[in-house]
1. Among the listed residues PRO80, PRO58, which satisfies the condition of being in contact (Cβ under 8 Å) with a residue 24 or more places away in the chain and closer than 30 Å to ASP167 by Cβ?
2. Being part of a strand (DSSP E or B) and not hydrophobic (A, V, I, L, M, F, W, C) is the filter here; which residues of segment 149-164 pass it?
3. Looking only at segment 22-39, count every residue that is among the polar types (S, T, N, Q) and either in contact with a strand residue (DSSP E or B) (Cβ under 7 Å, 6 or more places away or on another chain) or at pLDDT below 95 (or both) and tell me the total.
4. Within segment 81-90, identify whether any single residue is under 27 Å from SER168 (Cβ atoms), modelled with pLDDT under 95 and of a type outside the set (A, V, I, L, M, F, W, C), and answer yes or no.
5. Looking only at segment 1-37, filter to residues that are within 19 Å of MET57 (Cα to Cα) and among the aliphatic types (A, V, I, L, M); which one of those is surrounded by the most Cβ atoms within 10 Å (Cβ to Cβ)?
6. Select from segment 92-146 the residues that are among the charged types (D, E, K, R), at pLDDT 90 or above and farther than 19 Å from TYR41 by Cβ and list them in ascending order.
7. If I ask for residues that are in a helix (DSSP H, G or I) and either surrounded by fewer than 23 Cβ atoms within 10 Å (Cβ to Cβ) or out of contact with any Asp or Glu (no Cβ under 8 Å at 6 or more places or on another chain) (or both), which ones from segment 117-143 would you list?
8. Checking the conditions here, which among ASN90, ASN146 is over 22 Å from GLU15 (Cβ atoms) and assigned to a loop (DSSP other than H, G, I, E, B)?
Amino acid sequence: MRSQLRKKIRKLRRELTETQQKQASSALLSQIKNIPDVFSYNTYAVYLASDGEIDTMPLIEELSSCGAEIYLPVVDPDLPRAMTFRRYDNDTVLVPNKYGILEPDENSPLIQSDDLDVIFAPLVAFDLKGNRLGMGGGYYDQLFKNLRQSGREVKIIGLAHDFQLVDSVPADSWDEKLETVTTPAGIYLIAP
């Protein structure tokens, strides 16, 4: 069921035209601006879109113009579900990781995940119970679990296209729930 849902939504994402992607990304940024105080923090983790994910570059540019520090996820090629974050700006050298996703090279400064203020997280599908279906690697679930166990309050906001909202996401015991998801059409605040 999870793999079928993942395959279906990924296909829909990849079928979006460049114009549809630009419109969705612009509308998403407008929605994010409606989240109280979201632009008042210092450190943000944002992903670079791949596989039809909603484009985060307008968000990155907006955050940068506010003087925020942007960090991108970097997966450890040797450890399962291990992810760190490195600083990103216009001069950052990006290299493809083992999945072909661009990430900062080893010369970019690291930040501990619990030193981040806000994490904008990718997802494949979500439901109104806060269940999130990712790409299947478990990186973000492990990150969210580690943050929860550390006791550090980090604001986590899932980002998605509108059609990524589904009736139900099959959840496993290790899945971590989201409390906020933003799409081009709205902000979903999910009670914990």
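1. PRO58
2. Of everything in segment 149-164, those that are part of a strand (DSSP E or B) and not hydrophobic (A, V, I, L, M, F, W, C) turn out to be LYS155, GLY158.
3. Residues that pass the stated criteria total 2.
4. yes
5. Filtering segment 1-37 for residues that are within 19 Å of MET57 (Cα to Cα) and among the aliphatic types (A, V, I, L, M), the one surrounded by the most Cβ atoms within 10 Å (Cβ to Cβ) comes out as LEU28.
6. GLU103, ASP105, GLU106, ASP127, LYS129, ARG132
7. Once the filter is applied, which keeps residues that are in a helix (DSSP H, G or I) and either surrounded by fewer than 23 Cβ atoms within 10 Å (Cβ to Cβ) or out of contact with any Asp or Glu (no Cβ under 8 Å at 6 or more places or on another chain) (or both), segment 117-143 yields TYR139, ASP141, GLN142, LEU143.
8. ASN90
The values are calculated or read from the model by the stated rules, or taken from the named source; none is laboratory data. For clarity, every value in this text was computed on a predicted model and none was experimentally measured. Cβ coordinates were reconstructed from backbone atoms using ideal geometry, including for glycine residues, and neighbour counts include every protein chain displayed.
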